[in-house]
Amino acid sequence: MAINPDYLGREYPAPEAYEVTRGKIREFAEAINDLSPVYLDRESAKAMGYPDVIAPPTFPVILGMAGSALALADPDLGVDFSRVVHGDQSFHYSRPLCAGDVLNSVTRITDIKVLGGNELLTLETVATAADGEHVVTAGMMLVVRGS
């Protein structure tokens, strides 16, 4: 089943805001084995000019999970998840994510194309603070392997 090109531009808002906490930042930093003090210690982060601990640069992958899951679970999109491999990831920041941030996010399908017998699905998640300030845009490209 081919990916439905009519879904280009479709948006999937996260069902609720995401609160960035010190505990979630610590767990993520430990999971990726990056124990920088700015991720783990509030005083170290403050000494570097941040209001609190900050999240590692790849942390926003978590923000895109809710919207991406909604998109991939949509049977009319036509993605066979058993054939999906991760192709690319990008992050474009306006500022670092800090403990205490409460972020709203919307994931949008930004590209659907066929290349070499595979289908490529590109999703972009835009995360904003409660006041509407852009914080980060996370891009993800998935490859749906051909048969």
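The values are calculated or read from the model by the stated rules, or taken from the named source; none is laboratory data. Computed from a predicted structure; not experimentally measured. Using ideal geometry, Cβ is built from the backbone for each residue, glycine included, and neighbour counts are taken over all protein chains shown. Protein only, heavy atoms only, side chains kept; ligands, DNA and RNA dropped before computing areas. Shrake-Rupley method; radii C 1.70, N 1.55, O 1.52, S 1.80 Å.
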Counting other Cβ atoms within 10 Å of each Cβ, which chymotrypsin sites (Phe, Trp or Tyr not before Pro) in region 67-147 have at most 13 and sit in a DSSP loop?
-> none
For the chain, longest principal axis from Cα atoms; helix 61-73 axis from its Cα atoms; angle between them, nearest 10 degrees, is 20
Counting helices only, and only those DSSP H runs with n ≥ 4, report the 222 nm mean residue ellipticity of the chain as the sum of -39,500 (n - 2.57) divided by its residues, in deg cm²/dmol to the nearest 500.
-> -6000 deg cm²/dmol
Kindly state, as a whole number, the per residue volume in cubic angstrom of the convex hull around the alpha carbon atoms of region 70-137.
-> 119
Asp52 versus Tyr93: modelled label distance in nm, points set 7 Å from Cα along the beta carbon direction | 1.6
For the chain, longest principal axis from Cα atoms; helix 22-31 axis from its Cα atoms; angle between them, nearest 10 degrees, is 60
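Just subtract the alpha-carbon distance of Ala73 and Arg42 from 0.36 nm times their residue separation and send over the number in nm, one decimal.
Between Ala73 and Arg42, full extension yields an extra 7.3 nm.
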Determine the distance separating the Cα centre of region 123-147 from the Cα centre of region 6-50; give it in Å without decimals.
-> 15
GNM result for the chain, Cα springs below 10 Å: residue of Leu123, Leu115, Leu35 fluctuating most strongly | Leu115
Keeping all protein chains in place, calculate the accessible area per residue for region 78-147 (probe 1.4 angstrom), answer in Å².
-> 49
GNM, the chain, Cα, under 10 Å: largest mean-square fluctuation among Thr58, Thr137, Thr128?
-> Thr58
Of all the accessible heavy-atom surface of the chain, with the other protein chains kept in place and a 1.4 Å probe, what percent is carbon and sulfur?
-> 54
With each pseudo-label sitting 7 Å past Cα toward Cβ, what's the Tyr7-Asp80 distance in nm, one decimal?
-> 1.5
Most mobile listed residue (Val135, Val38, Val106) in the chain, GNM with C-alpha springs under 10 Å = Val38
